[in-house]
Amino acid sequence: MPTDGGMRPLAPGGAALRIYPVILAGGSGTRLWPLSREARPKQFLPLLDGRSPFQATLARVRHVAHVQPPFVVANQEHRFLLQDQLDGAGVTPRAVYLEPFGRNTAPAAAVAAFNLAREDAGALMLVLPADHSIPDDAAFTRAMAAGAAAAHARRLVVFGVEARWPETGYGYIERGEPLESLAGCYRVARFVEKPEIEIARRFVASGQHYWNSGIFLFGAARFVEELKRLQPELAAACQAAAESVVDDHGCRRIDAGALARCRSISIDYAVFERTDAAAVVPAGFRWSDIGSWNSLWDGAEKDKDGNATQGDVHLHGVSRSYIQASHRMVVAIGIEDSVIIETPDALLVAGRGDVQRVREAVEQLRSQGRAECRLHRTVHRPWGCYEDVDAGARFRVKRITVKPGAKLSLQLHHHRAEHWVVVSGTARITRGEEVTLLTENQSTYIPLGVCHRLENPGKIPLQIIEVQSGAYLEEDDIVRLEDAYHRV
């Protein structure tokens, strides 16, 4: 590809290419329950050699030619979790959009596209989910290069991956004729969403069908143009949502009322299945949407009996199973094609052929008001985390960890008192007008209704045991008066 003076790579025709990743990180990941939960979904879990899928995505897009700092679209509930992961990956994004709730991929991409087209008329958008596994960065980069040429030629590009088995849980793309002068790119003949097993088998045998990866590349202005032509009402609502964005301490917060007027619909249904500008690039990389426990089993290293395990797991006569222990020892005897996932507060046992039904089980738990579908026993906060240890009538016990230099909000409670015992580290405690320092084995009492704050002024994590007592002990009995993380 030519360059201007050997400095900036150029697209065909002489224009400088600029590719902006738009990473969609707002999913809830219910199919990987009980490890993935609403407050900490799968894209933020260390599922890929100690890295989260989100962090692996950040690392992967760095290798793409002409790449710019990424945009991230996420649920506002995950704001601080997201920032921790960005800091851990050493990435400074161009912008973080915070959604008050999810509206599927088309509104998320459209809000970014309207604003990006205004900021950079020639920008290309690489839209990709934050929760996929693609282990071959080099193959990914080659596919993006082929897609960039087509996107620069005003095509809307989707990347298809080899259909390695007749999967009924994926969408398929049927390849059409090759696109002239665009090597490795084809017209899209049609999209097929989650076919029956016999149809899926024919697709795999044909060699003309690919799994739909959910990864897209197109000009921001071109996508806006097609959205307005094909979905005028949706386009108007998304443009209003884009214009509703306000700065919120370094993030771009989308107005809830404006987003609610955007129809919940995917990029595929909204645009790609309707446009005559769609192109598919058959990608040579291995890909998984990590959409089920079976997907993790498929990509994991296995023993001679086809088992993949993590944690303190002991097997006797077990085959083709995925077993994970995070808290206790798990012993499995005489089972096959099974999934067992152990966490401190929930245990999943399922046949590998039934793991797509985990979502149904989670919905049932949600309808019953069970907190286990939403929260882990360990809950992460911008200042650290807390873990529920025990609870009963009128009492609750937590283990609280505060990061060095961090502090909780200045707050009070209407329905509970608290006893704090320092286990390790140093605590600076505000209690009414009194400020004191406590160290290991020292304790204090916070009466009901008294303003208080917990801080860690030291260089090591602060750990305390908190015993709450009172008539009501839920987290919504917190009245924040002042907060370093802007949660008042």
Would you mind pulling out the separation of the Cα centroids of the range 30-73 and the range 265-336, in Å?
-> 15 Å
Between R18 and R366, what length in nm is gained on full extension when 0.36 nm per residue of separation is reduced by their alpha carbon distance?
-> 121.0 nm
Within the chain, longest stretch clear of exposed chymotrypsin sites (Phe, Trp or Tyr not before Pro) (DSSP loop, no more than 14 other Cβ within 10 Å) = 102-471
Exposure proxy check on M125, M329, M144: fewest-to-most Cβ neighbours within 10 Å is M329, M125, M144
Determine by what factor the alpha-carbon radius of gyration of the range 378-482 differs from 2.2 N^0.38 Å, reporting the quotient.
-> 0.98
Quick shape check on the range 293-363: root eigenvalues a ≥ b ≥ c of the Cα gyration tensor, a/c under 1.5 is rounded, otherwise prolate if a/b tops b/c, else oblate, and it reads oblate
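Provide the gained length on full extension for the span I465 to R394, in nm with one decimal, where the gain is 0.36 nm per separating residue minus the Cα-Cα distance.
Going from the current span to full extension adds 23.9 nm.
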Which whole-Hz couplings ³J(HN,Hα) result when phi for each residue of the range 61-78 is put into the Karplus expression 6.51 cos²θ - 1.76 cosθ + 1.60, θ = phi - 60°, listed in order with x for Gly and Pro?
-> 6, 4, 7, 6, 4, 6, 6, 10, x, x, 8, 10, 10, 9, 6, 4, 5, 9
Here the range 289-298 yields Karplus 3J(HN,Hα) values (6.51, -1.76, 1.60; θ = phi - 60°; whole Hz; Gly and Pro given as x) of 8, 6, x, 6, 5, 5, 5, 5, 4, 4
Listing C238, C262, C451 by rising number of other beta-carbon atoms within 10 angstrom, fewest first, gives C451, C262, C238
Cross-link pairs beyond the 28 Å C-alpha cut-off, checked among K302/K398; K42/K194; K398/K459; K194/K304 | K302/K398; K194/K304
Quote the relative contact order of the chain in percent (integer), defining contacts as alpha-carbon pairs under 8 Å separated by 6+ residues.
-> 13 percent
Pop a pseudo-label 7 angstrom from the Cα along the beta-carbon direction at both R94 and H414 and give the gap in nm to one decimal.
-> 4.6 nm
Rounded to the nearest 10 degrees, what's the angle between the helix 220-230 long axis and the longest principal axis of the chain, both from Cα atoms, 0 to 90?
-> 80 degrees
Distant alpha-carbon pairs in the range 3-283 (separation over 31 angstrom), percent | 24 percent
If each K or R counts +1 and each D or E counts -1, the residues other than L156 whose Cβ falls under 14 Å of its Cβ total +2
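Note down the relative contact order for the range 378-482 as a percent, whole number, built from C-alpha pairs under 8 angstrom at least six residues apart.
36 percent
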Would you mind computing, in nm to one decimal, how far apart the modelled labels at D303 and R202 are, each placed 7 Å from Cα along Cα→Cβ?
-> 4.3 nm
Cβ-Cβ cut-off under 9 Å around S133, Lys and Arg +1, Asp and Glu -1: the net charge is -1
Here the alpha-carbon Rg of the chain over 2.2 N^0.38 Å rounds to 1.08
Computed over the range 100-172, the Cα gyration tensor eigenvalues, each multiplied by 5 and square-rooted, give semi-axes in Å (largest first) of 24, 19, 12
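Rule-based calculations on the coordinates, nothing more; no lab input. Just so you know, these numbers come straight off a predicted model, no measurement behind them. Counting neighbours? That spans all protein chains shown, and the Cβs are built from the backbone with ideal geometry, glycine included.
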